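See structure below.
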Amino acid sequence: MIKRVFPDLSGKRVLVASSGDNVAVFGFHLLGADVTSTDLSEKQLENAAKLAAARGWNIKFACADSMTLEGIADSEYDLVYTSNGVHVWINDLAVMYQNFYRVLREGGYYIYFETHPFIRPFDDSGCEIKVIKPYEDTGPFGDPPNYAWKIQDFIRGLLVNGFEICDLIEFHPQPEDYDDWWYKSLEEKQKDNYAKFDWRKNPRAALPQWIGACARKKMKSA
């Protein structure tokens, strides 16, 4: 999806919000982008900055909440990107999207990769499908609170803030993926011969586990 929008990321300004472990940040940098990493965790940013400095990577790091992106200038970025696990901590998607829209240039893109809402109603402790909540119950759950947003929450939050939806994909994890998904470790996954990736052995694998979307900041009318 990213390659379709930006076949060449060289020189493109990319903001990775709620950057976490910064794996996506490093990936964008190695693809030639001018990257800014923002997160609420100062320790995550400090660790990532040390890794980048040791390798001579010119990456900007800023402590900022994705709900406000304080200190991040308007209309500066070609792409805003969020990875899997960001939306669950956001209590108002529209507010977050509003700030993504603010920092994007005209015609800029927001792309996300996230856990699919369809799997949120199910217990993930084993292969058996066990319902733990209605799909419509979005939370908050737990302490600190997290949220199980519906697909309509993702889409409507973008539309009300002036984005146009360019693409939407639903997909499944693969055995060779970076995320071990149903397993606690690579060793456990290999020992089980990747069986939980087969929906005939693990009914939960029949459901799409991930969702991704690409939205564009609309150009102003001439």
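Summary table below
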{"item": "Region 159-176, subset of a type outside the set (Gly, Ala, Ser), open to solvent by less than 60 Å² (accessible area, probe 1.4 Å) and farther than 10 Å from residue 209 by Cβ, residue farthest from the chain's Cα centre (by Cα)", "result": "175"}
{"item": "Long-range neighbours under 8 Å by Cβ, at least six apart or interchain, first residue of a type in the set (A, V, I, L, M) within region 176-203, second surrounded by fewer than 15 Cβ atoms within 10 Å (Cβ to Cβ)", "result": "195/201"}
{"item": "Residue match in region 180-189 (condition: out of contact with any Lys or Arg (no Cβ under 9 Å at 6 or more places or on another chain), at pLDDT 90 or above, surrounded by 12 or more Cβ atoms within 10 Å (Cβ to Cβ) and over 30 Å from residue 94 (Cα atoms))", "result": "yes"}
{"item": "Qualifying residue in region 207-222 (condition: within 25 Å of the chain's Cα centre (by Cα), more than 30 Å from residue 6 (Cα to Cα) and open to solvent by 60 Å² or more (accessible area, probe 1.4 Å))", "result": "no"}
{"item": "Per-region count, region 22-43, residues among the basic types (Lys, Arg) and closer than 20 Å to residue 76 by Cα", "result": "0"}
{"item": "Any pair with Cβ under 6 angstrom, 6 or more apart, that starts in region 115-133 at a residue that is open to solvent by 90 Å² or more (accessible area, probe 1.4 Å) and ends at one that is part of a loop (DSSP other than H, G, I, E, B)", "result": "130/123; 131/121; 132/123"}
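The values are calculated or read from the model by the stated rules, or taken from the named source; none is laboratory data. Model, not experiment: these values are computed from the prediction. Note: ideal-geometry Cβ built from the backbone for every residue, glycine included; neighbour counts use all protein chains shown. Areas reflect the complete protein model, heavy atoms only, side chains present, ligands, DNA and RNA absent. Shrake-Rupley method; radii C 1.70, N 1.55, O 1.52, S 1.80 Å.
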